[in-house]
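The values are calculated or read from the model by the stated rules, or taken from the named source; none is laboratory data. Every value quoted in this text rests on a predicted model; they were computed, and no experiment measured them. All Cβ positions, glycine included, derive from the backbone under ideal geometry; neighbour counts span all protein chains shown. Side chains included, ligands, DNA and RNA excluded: accessible areas come from the protein's heavy atoms. Shrake-Rupley method; radii C 1.70, N 1.55, O 1.52, S 1.80 Å.
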Amino acid sequence: MLRPRALALAAACTLTFLLATPGSSSAALGDFFYTYTDSAGVEQRQKLDDEGQNSLPNNQCHNVEEAEAEGTKPAHSPRNSTDTKVYVFEDIDCDGTHQVLGTFGEGGVNLKFRSFLFQD
């Protein structure tokens, strides 16, 4: 039988190990698509993914670059093909009214937004 002090030490070591172990990924895995209007007035489809320079960190507001300048049209038709919910906001800096797209959810042409945030 272990003594109470030895049990307490074992429990403390186990807790320390669990707290030191990294948690879940800090980025959405998959692809996020939306449509925007370029400076020539032509609609373009944008794809952001979990690889390279277009990574999708969680809990960080992302402005739609093509829709953040004054006078530009908001993005629309988002498709969330990631493993994380995405919140799309009507204004830049994740301000204003928002809608939530679940994992592998999508919104239509009437869902206009200028910023978004991945959050699980």
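Identify the residue in the stretch 49-69 that is within 15 Å of the chain's Cα centre (by Cα), open to solvent by less than 40 Å² (accessible area, probe 1.4 Å) and at pLDDT 90 or above and, among all such residues, is farthest from L111 (Cα to Cα). The extreme case among them is H62.
When you look at D31, is it crowded, with 16+ Cβ neighbours inside 10 Å, at pLDDT below 90 and either small (G, A, S) or closer than 20 Å to G105 by Cα (or both), yes or no? Criteria not met by D31.
List the pairs whose first member sits in the stretch 61-73 and is within 18 Å of F118 (Cβ to Cβ) and in a helix (DSSP H, G or I), whose second member is hydrophobic (A, V, I, L, M, F, W, C) and open to solvent by less than 50 Å² (accessible area, probe 1.4 Å), and whose Cβ atoms are under 6 Å apart, counting only residues at least 6 apart or on separate chains? Once the first residue is within 18 Å of F118 (Cβ to Cβ) and in a helix (DSSP H, G or I) and sits in the stretch 61-73, its partners that are hydrophobic (A, V, I, L, M, F, W, C) and open to solvent by less than 50 Å² (accessible area, probe 1.4 Å) give A67/A75. Being out of contact with any Cys (no Cβ under 6 Å at 6 or more places or on another chain), at pLDDT below 90 and not hydroxyl-bearing (S, T, Y) holds for only one residue in G105, G96, G23, and it is G23.
Just one of the numbered conditions (1) in a loop (DSSP other than H, G, I, E, B); (2) β-branched (V, I, T); (3) surrounded by 12 or more Cβ atoms within 10 Å (Cβ to Cβ) is not true of V88: (1).
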